[in-house]
1. Looking at segment 168-276, what % of the alpha carbon pairs are farther apart than 19 Å?
2. Could you pull out every one of the lysines with an alpha carbon less than 21 Å from that of Lys127, ignoring same-chain neighbours closer than 8 positions?
3. Once fully extended, how much extra length lies between Ser435 and Leu143, figured as 0.36 nm per residue of separation less the alpha-carbon to alpha-carbon distance?
4. State which entries of Lys283/Lys327; Lys340/Lys430; Lys257/Lys283 exceed 22 angstrom in Cα-Cα distance in the structure shown.
5. Subtracting the Cα-Cα distance from 0.36 nm times the residue separation, let me have the gained length for Ala101 to Asp372 in nm, one decimal.
6. Dividing the convex hull volume of the alpha carbon atoms of segment 98-152 by its residue count, what do you get in Å³ per residue?
7. Any number yet on Rg/Rh for segment 333-400, C-alpha, Kirkwood?
8. Roughly how many debye, to the nearest 20, is the charge dipole of segment 96-178 about its Cα centre, given +1 on each Lys and Arg Cβ, -1 on each Asp and Glu Cβ, and no other charges?
Amino acid sequence: MTRFYNKFLAAASALMLTLTGCVNEDSPCPGDGDEATKVTLQFTVMTHNPAASREAQQSRATGAEASLLSRAGDDCYDDLQGSPAENYINTADCQFLLFDADRKLLRPIFPEITGKDDVQYTYYTIKASITEPYFDEAVKADLDQIDFYIMVIANSHSTGLDGQYPGLTPGVTTIDDIAAQRVTFNQPVGYYLGGPGGEYRPWTPSIDENRLIPMAGLQKFTVSATQLKESTYDVPVYLSDENANGKTIDMLRAISKIEVIDRIDVTGTFDPASNANRFHVDKVELFGWYNSGTIMPYINNGNWSTAAGEWSMDSSGDVSLPTISPKSEYNFPVTGEQQKTDNFGKPIYNDDGTPLMDDVKGPEITFSEDDDATALRADKCIVWSGYVVEYSKALVGVMDHEYERYPFIEVTVSNPNSGGMDDSPIFKMKLADYSNGQVVGDGIDFLLRNHIYRYEITGVNSEANIIEVGYTVCDWNKPTVDIPTFD
């Protein structure tokens, strides 16, 4: 058994709690007296919920929704549980907060991690022994129904936190208050190796290098006084016991993922040898993105709601609208033209003396080849992936700019039959819906956290500057689709 006791980070920690009345020995934290009842709870934190299967989703769907889900099976794969790095939670950068039935903060809790999946990192078993007046009073009253919430915030520092929570006061601060703060983290971007001029590496999640995805989860639990009274360290209340209709805390990744699949002229399963003489994708870049995202959704947007109206991570819980921090700025994809210069910064002119101009498109987010996503595909076509924070077309649309506003992807394609000539056409692909391989509208309305936006490139025509694209949106946690699929 491995015990890990979470500790609050230093004052610079973005999740520092200023707990009133818990600052010195003369003002002990509520519930720390020996006479109170100590309860032990055990629960599971999930970064992938295998119980939320496609079959389970379809059994609840009716009408158009049922049709939508059934169409998504092949495009969303059978077991889309994420790579180990996409699932990983750094337990040294993890906060657990306990709330009462009215969603008011009771206290932070400092549990131990008693088990986890060390292969895909899809679940973590958590045990906490708590002495808390809220539970003590409920036990003395012998209540049959005791409601409470547990919030988990993880990996908040791995992408560079750009703010911190102000003091959170037990009995005053609510779940809604915490979410409304919209604490931000920086959009993960690539980096250079070896100093100036060194190799550029796109940002990808990495466990060893602590490049992790911020996550947040929340769940409402219900227990009885009898369960609490009978709990011990060795026999805790198993909040996530499937046999007792238990619940897990399912984590929402705070970013979305965009996949571009190179399926140009591929029929059947991709084979590098037999497909050597075809056009193929060499580079994928995204233009147009926000520079920061929020750790958790903003509740007043209607996010994280279930049919019962709770902010809860049941199997149906997910976000429905993006959360954009007021601090976040949108990096427009095209800023106009500027005069080209040589290596010494000297302006370059055309033969007729006019300035040689070039488009300025930046900054960009460069995608990387995604071996894990490629391996999940039945056709084994190469997947290029990029990780971005949430996006809102509506917010971008109100800004007054003459140049292009909505995000697009540039796909660089190589021609193996160019006879040694430099023939790498660049195709502009809008981040939009596609129907019958063609773009629909100016762009998608939003990117949602914890969703995958998948674009399959099936053909190109460099002379006509045409790119054929298929489009699917998938839930990152389970193989279902909750945004319309465009074939």
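1. Details: 4308 of 5886 pairs.
Considering segment 168-276, 73 percent of its Cα-Cα pairs are separated by more than 19 Å.
2. Lys7, Lys38, Lys116, Lys220, Lys229, Lys247
3. Values: separation 292, 0.36 × 292 = 105.12 nm, distance 5.62 nm.
Taking 0.36 nm per residue and subtracting the Cα distance, the gain is 99.5 nm.
4. Numbers: Lys283/Lys327 31 Å; Lys340/Lys430 26 Å; Lys257/Lys283 17 Å.
In this structure, Lys283/Lys327; Lys340/Lys430 exceed 22 Å between Cα atoms.
5. Working: separation 271, 0.36 × 271 = 97.56 nm, distance 4.11 nm.
Contour length minus Cα-Cα distance gives 93.5 nm.
6. Cα convex hull per residue, to the nearest whole number: 103 Å³.
7. Numbers: Rg = 19.6 Å, Rh = 16.3 Å.
With Rh from the inverse mean 1/r over Cα pairs, Rg/Rh is 1.20.
8. Working: 6 positive and 14 negative charges, 47 e Å.
In total the dipole reaches around 220 debye.
Coordinate-derived values only; no laboratory data. From a predicted model like this one, the values you see are computed outputs, not experimental measurements. Positions of Cβ are generated from backbone atoms using ideal geometry, with glycine treated the same way; all protein chains shown enter the neighbour counts.
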